[in-house]
């Protein structure tokens, strides 16, 4: 990039920031009721059925990723669930008081948010970040994937139309102009007040090194376990629903399934009854050649159906059967065994385990290669096994007896916050392990008032230690 081009990028981003800051100053004066109007306006912009479908169709047409019907469902469920979570939540003024500790918490905006969003969800992810940012009286500038720019632009047009209805400043929500460049995204990261990055690990690493406070998410590569106590038919239904939803574009879709030997054959049969096809060694090699032609996952399979993937791999007989999923068996891990990594399409790797402990070891080895910190699925009737995984595996979530990609980002039948950005903790080189939510978009000011002194005795603090080891 020439010096002039670099100056132009800086100036363009600076202009967006100036407009955003002016709009944010207006929002800073809003009360909770007015903020909740902003949230409702942005939510209705994407949820309204005709607009929702237009965004879903545009997303698939422009990116070639996923399928329309699932994107319609995702746009609705993820946004409506988020609105449910935000209803009644305090994000303006005093939000908590603890008289016993003499503490009062006051919610304050973070300012201008840079929202980096992926091509896999060019409407749902921006909407989620925009709504959370608005809940905190922030302005937000979206930095979309180039493939998803047109969808994000249309979403913003819908949001601006709703803002016009309620008399809110349009500049609270803006978009980097096309063509989106890496330089512009990096400059926006540098100039804004907070970066929230979802998508490629390159973008996440750039966010963390931008010099601006940032939340980024880890790599997906979810594994699930089916143990000997599981209801195999229900487990197969859940895996199918999760792995085929939006052609497995979600970071929360299973990429590997570890089957305990006692139910391995039964589980494979249940998956095949549901349209999955187990490949032999020759077919697996053909598929690998398509998916990792130069050691890197090919865009030719990202977000494609199992039928399209089979056709492109030259597996025409399998493609003619319209498979729901392609199954491959694996016993290795790491770069020399690419099926142990993330696939972003309805290709599911099967591992066999002697017992549950062995299954947990296999998942640990998978995550040592890719996916540490994200989550693990478990199909079991033994509650203590979920606790065991939570105590020992490098995961931020253990998803029990649920369709994994539906459940991980929050669902109407579990208690996780609705989100499309899942923190992976230090295991995934992230600074948070929650489902990202509106509180991540707030500064909290705390008022501390004097209370009665509470000074414990040394015996209270050290008594158990002294009793066990003495006072020397």
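No lab work stands behind these numbers, since they all come straight from the coordinates. Quick caveat, the model's predicted, so the values are computed rather than measured. Please note: Cβ atoms are built from the backbone with ideal geometry, for glycine as well, and neighbour counts cover all protein chains shown.
Here are a few things to note about the model shown:
- Taken along its principal axes, the alpha carbon cloud of the range 191-273 reaches lengths of 55, 23, 16 Å, longest axis first.
- Note on the range 268-360: percent of Cα-Cα distances in each 5 Å bin, starting at 0 and stopping at the bin with the largest distance, equals 2, 14, 24, 26, 18, 9, 5, 1.
- Our summary gives the range 1-126 a relative contact order of 26 percent, counting only alpha carbon pairs under 8 angstrom and 6 or more residues apart.
- For the range 374-468, the spread of Cα coordinates along the three principal axes comes to 51, 40, 28 Å, biggest extent given first.
- Translational diffusion of the range 1-155, µm² s⁻¹ [Kirkwood Rh, Cα pairs; Stokes-Einstein; 4 °C; 1.567 mPa s]: 76 µm²/s
- Restricting the calculation to Cα atoms, the chain yields a radius of gyration followed by a Dmax of 24.1, 78 Å.
- Per residue, the average separation of C-alpha pairs within less than 8 Å and at least 6 apart gives the chain a relative contact order of 17 percent.
- Value of Rg to Rh for the range 50-89 (Rh from inverse mean 1/r over Cα pairs, i.e. Kirkwood): 1.11
- In terms of its Cα atoms, the range 71-221 spans 53, 38, 34 Å along the principal axes, sorted from long to short.
- Only helical runs count toward this figure. For the chain, summing -39,500 (n - 2.57) over DSSP H runs of n ≥ 4 and dividing by all residues gives -14000 deg cm²/dmol at 222 nm.
- Listed peptides 54-62, 289-297 by packing density, highest first (mean Cβ within 10 Å): 54-62, 289-297
- For the range 222-411, a Kirkwood hydrodynamic radius built from all Cα pairs, placed in the Stokes-Einstein relation at 25 °C and 0.890 mPa s, yields a translational diffusion coefficient of 152 µm²/s.
- Compactness relative to 2.2 N^0.38 Å, alpha carbon Rg of the range 177-238: 1.79
- For the range 117-167, fraction of C-alpha pairs farther apart than 16 Å, in %: 38 percent
- Stretching residue 316 away from residue 460 to a fully extended chain increases their span by 44.5 nm, per 0.36 nm per residue minus the current alpha-carbon distance.
- Cα shape, the range 144-187, gyration tensor, a/c 1.5 rule: oblate
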